[in-house]
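Heads up, the thing below is written out as structure tokens.
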Amino acid sequence: MDPEHVRRLADSDSPFPPIVVQQGTLRVIDGMHRLRASALRGDSHIQVRFFQGTNEDAFALAVRLNASHGLPLSRSDRVNAASRILVSHPQWSDRAIASVTGLGSKAVAALRRRSTDALPRLNSRTGRDGRVRPLDPAPGRRAAAELIAENPGASLREIAQRAGIAVATAKDVRERLRLGQDAVPLPRSGEQGHREAGGRRVPGPVARPPVRRGPDLDVLKNDPSLRYNEQGRAVLRLLGASAIGIEDWDRLIESVPAHCVDAVAEAARNCAERWRTFAVELERRRVAAARQRPDAGRAQEGATESCGEVRQEAVHTSWA
């Protein structure tokens with residue numbers, strides 16, 4: 001309690017917001033200073049909002065409310081509160097506990113790692129939105145694949161509910177199966193890693209393909225058929241933007257803020273996938289043209305071969 005803060009509140013004539021009290025125990029969860037101030041100025045009643053829940057839930061609520069208003073909690077208070085909530089609510093995600101205590105999610109994750117022996121090993125965690133998400137998505141994806149194989153006409157919502165995954169994940173599984181791919185995305189080529197307790201995969205160092213500006217890109221830039229039309233120049237700009245050195249990629253990687261890493265990584269993978277699709281469509285067009293005009297196709301084969309090298313380089317560069 002802060003006596004000075006109580007006196008400042010007592011000097012005010014305005015009514016106080018309701019305090020929060022645990023029903024049954026009548027323990028004050030939030031508003032002890034307001035309660036003392038009301039008694040100090042002679043009030044006989046105070047408005048109350050009752051909370052129904054366990055002592056552990058009441059403590060978590062008290063931390064969240066005190067972290068968001070009133071006298072600020074010290075960092076040691078918040079760290080101690082996070083440690084206690086990790087024990088009482090181990091199923092909560094790092095971000096969920098961080099939002100309650102006012103700490104960063106990285107600080108909560110560090111506390112969780114130091115408390116691994118005291119915490120149960122769980123296969124899922126509950127996020128800030130109340131949704132339960134698995135630490136290892138593979139079992140849910142494989143269950144969805146089996147459900148789709150058994151009943152191809154089942155709705156995505158039904159598949160997601162029975163497999164215990166999100167509807168978006170069920171949609172991704174169905175699309176991967178349609179393309180003949182595995183329901184669980186495999187590690188990318190050259191990517192290594194290890195698994196934490198609970199099965200979550202932690203990526204390790206990535207063996208990146210060599211990135212260089214090949215001479216064929218300069219040849220393409222001087223090709224009038226690309227250089228003197230708007231779409232051709234757009235292709236050259238995109239290829240040129242990705243053809244940078246390893247040192248430049250390293251600087252770009254270091255410049256991405258920690259809270260944006262997952263989003264930027266996913267965007268990079270999407271870009272790489274689009275480049276691969278672009279490459280495949282180009283090759284299909286070349287094959288189709290060769291079938292229609294065999295002589296022209298053979299004549300163009302040597303000219304398009306160098307483009308293929310640049311295209312593959314662009315794909316590798318975008319993946320890196």
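With a probe of 1.4 Å, find how much accessible area segment 19-58 has per residue, and write the answer as a whole number in Å². Per-residue accessible area for segment 19-58 comes out at 64 Å².
Available extension along the chain between R276 and D248 is 7.8 nm, counting 0.36 nm per residue and deducting the alpha carbon span. W249 contributes about 40 Å² of solvent-accessible surface, heavy atoms of the protein only, 1.4 Å probe. In this structure T25 has an accessible area near 80 Å², from a 1.4 Å probe over the protein heavy atoms. Applying 0.36 nm per residue to the separation of V264 and D11 and subtracting their alpha-carbon distance, the gain on full extension is 85.9 nm. Using only alpha carbons, segment 237-285 has a radius of gyration to Kirkwood radius ratio (Rg to Rh) of 1.07. Distances between placed amide hydrogens fall under 5 Å for R49 paired with I19, V20, V21, all partners being 5 or more residues away or on another chain.
Solvent-accessible surface (1.4 Å probe) assigned to K106 amounts to roughly 140 Å².
Multiplying the residue separation of Q292 and V87 by 0.36 nm and subtracting their alpha-carbon distance yields 66.8 nm.
The values are calculated or read from the model by the stated rules, or taken from the named source; none is laboratory data. Please read all numbers here as calculations on a predicted model, not as lab measurements. These accessible areas exclude ligands, DNA and RNA; they are computed on the full protein's heavy atoms, side chains included. Shrake-Rupley method; radii C 1.70, N 1.55, O 1.52, S 1.80 Å.
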